[in-house]
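Right, one structure below, let's go through it.
The values are calculated or read from the model by the stated rules, or taken from the named source; none is laboratory data. Keep in mind that what you see is a predicted model, and the values were worked out from it rather than measured. Glycine gets a Cβ as well: all are built from the backbone with ideal geometry, and neighbour counts include every protein chain shown. Keep in mind that these areas ignore ligands, DNA and RNA; they rest on the heavy atoms of the full protein, side chains included. Shrake-Rupley method; radii C 1.70, N 1.55, O 1.52, S 1.80 Å.
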Amino acid sequence: MSFKKSYEEINEKIRKGKAVVLTAEEVSAMARELSPAEIVKRVDVVTTATFGAMCSSGAILNFGHTTPPMRMERITLNGVPAHGGLAAVDTYIGATSENPDNIKYGGAHVIQDLVEGKTVELEAWGKGTDCYPRKYIKTKISLETINEATLFNPRNAYQNYNVATNTTSKIKYTYMGTLLPGMKNANYSTAGELSPLLNDPEMRTIGIGTRIFLGGTVGYVVWPGTQFNTSKEKNQFGVPMSNAATIAVIGNLKEMSAEFIRAAYYEKYGVSLFVGIGLPIPILDEDMAHRVSIRNEQIETTILDYGTAGTPVLGKTNYAELQSGEISINGNKVRTAPVASLQKAREIADLLKKSIQDGKFELTAPVAIFPTGTSLKKLFETEGGER
Amino acid sequence: MIEVTRRYVMKFPPDSADKALTYKLIKDYDIKFSILKAEVRPGRTGSLLLELEALPENIQKGIEYLEANAVICEPLGKKIKFEASKCINCGNCTGVCFTGALTMDRERWKLNFEPELCVVCELCVPACPMNLFDINFHEEEPEKIAVGN
Ligand code: SF4
Ligand code: SF4
């Protein structure tokens, strides 16, 4: 009978300080020598991580009530529009929201400023009601002065992502970085064999309630991320060859660190937020040992032309080639550059490994597993064309 | 003594006879040079990125000579400001840097920056999502407002 471990058995080892924890890169190296049947007996947990720009991020803030009270209907933080329409003093500040007077400063910067302990100017307007008579406020807030500050990111940690290049004669400024004309560079964003959702491609151990490292503290997976897609074509090693599954994550912003939550501005694109995520994977059985053993050369991804409308497919490559610094696209040698930090991802995977080894971080079985057979809908226009 | 190569950004005053000056560099100080970048606007200061190749003491003397003739000479490294402590090693800047000044260390995945290889194309300035580069090849003098004095 094949060897199996339960979450409880793994957690018992963690509590005793006896759990064997490796990073996903370490286990992939180990798998060159050992079979999954041997790995499941030796390794209890594998840590994965990513540190990249994740546009679908933001924070839920509760400012506390003023006297007399106010129902904030229009809200700005350092001039960046935050969402009204969430009761009286709750808001959601989206990472990509921009200050109209300074588009290089956005919601991501507000979040980083708050995390760094800085004060932020809150300005809000309301129409005034019998129970909320106040109509306007301008004041300063910080993480210390407000009630809750919760990072809640609807779509993070994409399972694989495409490579971006540009075949046109014009430079293109994109969220995948600056793409030079004439296919002079190709940018990629996934951490390869260290990337969380590529180490458990069927999401057997990642689901609602999974405890993770988020932005420097403990966070949780709360839902499948938006655009969760399980129908993307998989290769012979069982991983999707383009962007597929995602996760929605949550954590206490007050405990986070600007080491792992960092605002970014992309020229002629806009603001985004670099988010550090670490995800532990329990090696429950031989199948999980096999999954985490995946190596860069086995993880393929799709090369897209970001210069041309409809981003046509130009070919395929894998992460061993991408990380070598040069790939071949239709016979042309093209230099590659990452746009997410593998150095930071490794730092996170190591930190998470250490907390598990030290008995400070236990694993959680998903409260519910994610759906399968999902695919994406397009948005169709019902009312005439572009204006 | 061995010859060395050094890159300098030089700002020539509007009225300078830069041809005569550079001729002297070759003739008197035995400095070989190549112009890597030039921005010359008639009647205004002109900026050149020069790579000088000569014995260190001759480079020194040549620079002193130019400075005596009102040419502002700055070693290239000084023209490039880079806030290394805020770098997240994302790699975005390495995608646009063609000279090899910005590269990734593919073992540790940290950014390597060798300013001496820079040609001041300035592409890394907008490419860095953390906005860590400040490279200003042709700094415009703040327009002097001709009021009062
Ligand atoms: S200015 Fe150009 S050559 Fe110099 S470091 Fe930046 S990208 Fe490289
Ligand atoms: S783009 Fe900026 S943050 Fe990223 S590696 Fe280059 S200098 Fe560092």
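Results for (1) touching a strand residue (DSSP E or B) at 6+ places or on another chain (Cβ under 8 Å); (2) modelled with pLDDT under 90; (3) away from ligand 2 (no atom under 16 Å from the Cβ), shown as yes or no for each residue.
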position: B:Thr45; (1), (2), (3): yes, yes, yes
position: B:Leu48; (1), (2), (3): yes, yes, yes
position: B:Glu57; (1), (2), (3): no, no, yes
position: B:Leu66; (1), (2), (3): yes, yes, yes
position: B:Val71; (1), (2), (3): yes, yes, yes
position: B:Glu74; (1), (2), (3): yes, yes, yes
position: B:Ala84; (1), (2), (3): yes, no, no
position: B:Asn92; (1), (2), (3): yes, no, no
Next item on the list: Go through segment A:257-272 and count every residue that is hydrophobic (A, V, I, L, M, F, W, C) and under 13 Å from A:Val339 (Cα atoms).
Entry: 1
Margin query: Which of the numbered conditions does B:Thr99 fail, given that it passes all the others? Conditions: (1) surrounded by 18 or more Cβ atoms within 10 Å (Cβ to Cβ); (2) under 19 Å from the mean Cα position of the chain (by Cα).
Written below: (1)
Next item on the list: Determine if segment A:59-68 includes at least one residue that is of a type outside the set (S, T, N, Q), away from chain B (no Cβ under 14 Å) and out of contact with any strand residue (DSSP E or B) (no Cβ under 9 Å at 6 or more places or on another chain).
Entry: yes
Notebook entry, point to check: Restricting the first residue to segment A:133-158 and requiring it to be at pLDDT below 95, which pairs with a second residue that is open to solvent by 20 Å² or more (accessible area, probe 1.4 Å) meet a Cβ separation below 7 Å and a spacing of at least six or different chains?
Noted result: A:Tyr158/A:Asn243
Item checked: Members of segment A:313-332 found to be part of a strand (DSSP E or B), more than 14 Å from chain B (Cβ to nearest Cβ) and either more than 24 Å from the chain's Cα centre (by Cα) or surrounded by fewer than 19 Cβ atoms within 10 Å (Cβ to Cβ) (or both), listed by number -> A:Val313, A:Leu314, A:Gly315, A:Lys316, A:Ser328, A:Ile329, A:Asn332
Check: So, in segment B:101-126, of the ones that are more than 14 Å from ligand 2 (Cβ to nearest atom) and under 27 Å from A:Arg346 (Cβ atoms), which residue ends up farthest from the other protein chains (Cβ to nearest Cβ)?
Finding: B:Leu117
Next item on the list: Please enumerate the residues belonging to segment B:101-120 that are near ligand 1 (Cβ under 7 Å from one of its atoms) and either touching a residue at least 60 places away in the same chain (Cβ under 8 Å) or assigned by TED's automatic domain parsing to the domain that holds B:Ile35 (or both).
Entry: B:Cys118, B:Val119, B:Val120
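Which residue is least open to solvent (accessible area, probe 1.4 Å), if the candidates are limited to segment B:122-138 and must be within 6 Å of ligand 1 (Cβ to nearest atom) and modelled with pLDDT of 90 or more?
Step by step, filter segment B:122-138, then rank; the result is B:Cys124.
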Notebook entry, point to check: Just to be sure, is B:Leu21 away from chain A (no Cβ under 14 Å), touching a Cys at 6+ places or on another chain (Cβ under 8 Å) and at pLDDT below 90?
Noted result: no
Checklist line | Of all residues making up segment A:5-31, the number that are open to solvent by less than 20 Å² (accessible area, probe 1.4 Å) and within 14 Å of chain B (Cβ to nearest Cβ) | finding: 1
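Check whether at least one residue in segment A:338-346 is part of a loop (DSSP other than H, G, I, E, B), within 14 Å of chain B (Cβ to nearest Cβ) and small (Gly, Ala, Ser), and report yes or no.
There is at least one residue in segment A:338-346 that is part of a loop (DSSP other than H, G, I, E, B), within 14 Å of chain B (Cβ to nearest Cβ) and small (Gly, Ala, Ser).
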Notebook entry, point to check: If you scan segment A:163-196, which residues turn out to be buried (at least 24 other Cβ atoms within 10 Å of the Cβ) and either away from chain B (no Cβ under 12 Å) or without any contact (Cβ under 8 Å) to a residue 12 or more places away in the chain (or both)?
Noted result: A:Thr190, A:Glu193, A:Ser195, A:Pro196
